[in-house]
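This report concerns only the one structure given below.
The values are calculated or read from the model by the stated rules, or taken from the named source; none is laboratory data. If you're wondering where the values come from, they're calculated on a predicted model, not measured in any experiment. When we count neighbours, we look across all protein chains shown, and the Cβ atoms used for this are built from the backbone with ideal geometry, even at glycine. These accessible areas exclude ligands, DNA and RNA; they are computed on the full protein's heavy atoms, side chains included. Shrake-Rupley method; radii C 1.70, N 1.55, O 1.52, S 1.80 Å.
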Amino acid sequence: VQLQASGGGLVQAGGSLMLSCAASGSTFRRYTLAWFRQAPGKEREFVAAISWSGFSRYYGDSVKGRFTISRVNAKNPVYLQMNTLKPEDTAVYYCAADWANTGSSVGSEYDIWGQGTLVTVSS
């Protein structure tokens, strides 16, 4: 399985942006898909995750109430709708897949990573 993240860009504070993560290859396996981010000089941070079924969603404390992760079904991309963006949301955003499908917020538990997409929020 390969993951392709897209949708990053430059946006003003208070604005919105939607990221997408598309999976290709052997996608028959069930997996949790998550977004992580890493800002310059900072550690990687868990943003959000969604289970294979889409019924379970998890969010990092810093994005709760502002970001929404969603998927139409297992064969379609996973989206991250980001609203009320803040300068501190500036980071490279990565999508990742966890075959254990546990909704973990721990990056080391994820098996497949996509390339990052840069989100820059100006003040």
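Among the conditions (1) open to solvent by 30 Å² or more (accessible area, probe 1.4 Å); (2) without any contact (Cβ under 8 Å) to a residue 60 or more places away in the chain; (3) over 25 Å from Gly14 (Cβ atoms); (4) among the small types (Gly, Ala, Ser), the only one that Ala74 does not satisfy is (1). Counting the residues of the stretch 104-113 that are surrounded by 16 or more Cβ atoms within 10 Å (Cβ to Cβ) and either among the hydroxyl-bearing types (Ser, Thr, Tyr) or over 22 Å from Gly41 (Cβ atoms) (or both) gives 4.
To keep it simple, each residue is scored yes or no on (1) surrounded by 13 or more Cβ atoms within 10 Å (Cβ to Cβ); (2) farther than 22 Å from Trp99 by Cα.
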position	(1), (2)
Val1	yes, no
Met18	yes, yes
Ala34	yes, no
Arg37	yes, no
Glu43	no, yes
Ala49	yes, no
Ser62	yes, yes
Gly65	no, yes
Ser70	yes, no
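Step by step: first the residues of the stretch 21-32, then only those that are part of a loop (DSSP other than H, G, I, E, B) and open to solvent by 40 Å² or more (accessible area, probe 1.4 Å), then the one that is modelled with the highest pLDDT. Which residue is that?
Let us first name the residues in the stretch 21-32 that are part of a loop (DSSP other than H, G, I, E, B), namely 25-31.
Retained after the next criterion (residues that are open to solvent by 40 Å² or more (accessible area, probe 1.4 Å)): 25-30.
On the way: Gly25: 79, Ser26: 66, Thr27: 64, Phe28: 61, Arg29: 73, Arg30: 83.
Filtering first and then ranking leaves Arg30.
Restricted to the stretch 53-123, the set of strands (runs of 3 or more DSSP E) holding at least 2 residues that are more than 14 Å from the chain's Cα centre (by Cα) and at pLDDT 90 or above comprises 117-122. The one condition from (1) over 17 Å from Leu3 (Cα atoms); (2) surrounded by fewer than 16 Cβ atoms within 10 Å (Cβ to Cβ) that Asp89 does not meet is (2). Pairing residues of the stretch 102-122 that are under 22 Å from Ala22 (Cβ atoms) and of a type in the set (D, E, K, R) with residues that are outside any loop (DSSP other than H, G, I, E, B) and open to solvent by less than 20 Å² (accessible area, probe 1.4 Å), at Cβ distances under 7 Å and at least 6 apart in sequence or on separate chains, gives Glu109/Asp98; Asp111/Ala97; Asp111/Asp98.
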